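**Q** Okay, here's the structure, questions in a sec.
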Amino acid sequence: MIAVTSGRAKTILGQFSAEGEGSFRFSTVYFHDPTWPVEEALNVIRHEYAHYMDHELYGGTGHGSTWKKCCAGIGAVPQRCYSSRVAKLLQGKHKEETRLSVQCGGYRPGDRIKHPSFGDGVIEEIRGESVHRLAVLRFGKAGTKTLSLAWVHKNCRKSP
Ligand SMILES: [Zn+2]
């Protein structure tokens, strides 16, 4: 059994130890912080998981070529340390998604919009959640179309 534990370490976000049967440790300081981007948390988990894979498959330790190969296989950013540049990038992406999600929340069935090529349309239904919401729209000539609400927000004008 591989143990997964957590601690309140501020300097170590995550750690894989190959000792014994192997164990993972993650810092609750970050993992319990609601402002910490989910994308970054996933990257930390993948980074540590790549260490485990590397150890199991290639007997590797550290951040060498076999570890990088494991990173590529599971989508971890193949960087030695969790860099502040990547962290900023993910933070920015997260902020943008949050902003867009809030804006998408401003649409209701019955709202009217003007599509650049289909013209005037009415929102009949909104499906899904956050930035993945879809709007079912009814247009005069074009009929019913299902479009990403985030796309509608960026590309269509809201009619009064
Ligand atoms: Zn590492």
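The values are calculated or read from the model by the stated rules, or taken from the named source; none is laboratory data. Small disclaimer: the values here were computed from a predicted structure and weren't measured. As a convention, Cβ positions derive from the backbone with ideal geometry for all residues, glycine included, and neighbour counts pool all protein chains shown. These area figures cover heavy atoms from the full protein model, side chains too; ligands, DNA and RNA do not enter into them. Shrake-Rupley method; radii C 1.70, N 1.55, O 1.52, S 1.80 Å.
**Q** Please specify each residue of the range 1-56 satisfying the condition of being part of a helix (DSSP H, G or I) and away from the ligand (no atom under 16 Å from the Cβ).
**A** T28, V29, F31, V38, E39
**Q** Output the residues belonging to the range 121-137 that are exposed (fewer than 15 other Cβ atoms within 10 Å of the Cβ) and under 19 Å from P160 (Cα atoms).
**A** Passing the criteria: E124, E125.
**Q** Follow-up question, since we're still on this one. Regarding R80, is this residue open to solvent by 90 Å² or more (accessible area, probe 1.4 Å) and either touching a Phe, Trp or Tyr at 6+ places or on another chain (Cβ under 9 Å) or within 14 Å of the ligand (Cβ to nearest atom) (or both)?
**A** yes
**Q** Restricting attention to the range 105-123, does a residue exist that is more than 16 Å from the ligand (Cβ to nearest atom), within 20 Å of the chain's Cα centre (by Cα) and either modelled with pLDDT under 90 or part of a helix (DSSP H, G or I) (or both)?
**A** Yes, the range 105-123 contains a residue that is more than 16 Å from the ligand (Cβ to nearest atom), within 20 Å of the chain's Cα centre (by Cα) and either modelled with pLDDT under 90 or part of a helix (DSSP H, G or I) (or both).
**Q** Among residues belonging to the range 124-147 that are touching a helix residue (DSSP H, G or I) at 6+ places or on another chain (Cβ under 8 Å) and in a strand (DSSP E or B), point out the one that is farthest from G105 (Cα to Cα).
**A** The extreme case among them is L137.
**Q** With the structure loaded, tell me whether W36 is without any contact (Cβ under 8 Å) to a residue 24 or more places away in the chain, over 17 Å from I2 (Cα atoms), crowded, with 18+ Cβ neighbours inside 10 Å and in contact with a His (Cβ under 7 Å, 6 or more places away or on another chain) or whether it fails that test.
**A** no
**Q** Still on this structure: Tell me yes or no: at least one residue of the range 78-95 is assigned to a strand (DSSP E or B) and either more than 27 Å from the chain's Cα centre (by Cα) or charged (D, E, K, R) (or both).
**A** The answer is no, given that none of the residues of the range 78-95 is assigned to a strand (DSSP E or B) and either more than 27 Å from the chain's Cα centre (by Cα) or charged (D, E, K, R) (or both).
**Q** Say whether the condition of being surrounded by fewer than 18 Cβ atoms within 10 Å (Cβ to Cβ) and on the phi > 0 side of the Ramachandran plot is met by at least one residue in the range 53-65.
**A** Within the range 53-65 (the criterion being surrounded by fewer than 18 Cβ atoms within 10 Å (Cβ to Cβ) and on the phi > 0 side of the Ramachandran plot), the answer is yes, since at least one residue qualifies.
**Q** Another one. So which of R127, R133, R108, R80 ends up being closer than 30 Å to T35 by Cα, out of contact with any strand residue (DSSP E or B) (no Cβ under 8 Å at 6 or more places or on another chain) and basic (K, R)?
**A** Only one candidate qualifies: R80.
**Q** OK, next. Hey, does the range 53-72 have a residue that's outside the structural domain of L149 (by TED's automatic domain parsing), in contact with a Gly (Cβ under 6 Å, 6 or more places away or on another chain), of a type outside the set (F, W, Y) and free of Cβ contacts under 8 Å to residues at least 40 places away in the same chain?
**A** Yes, the range 53-72 has at least one match.
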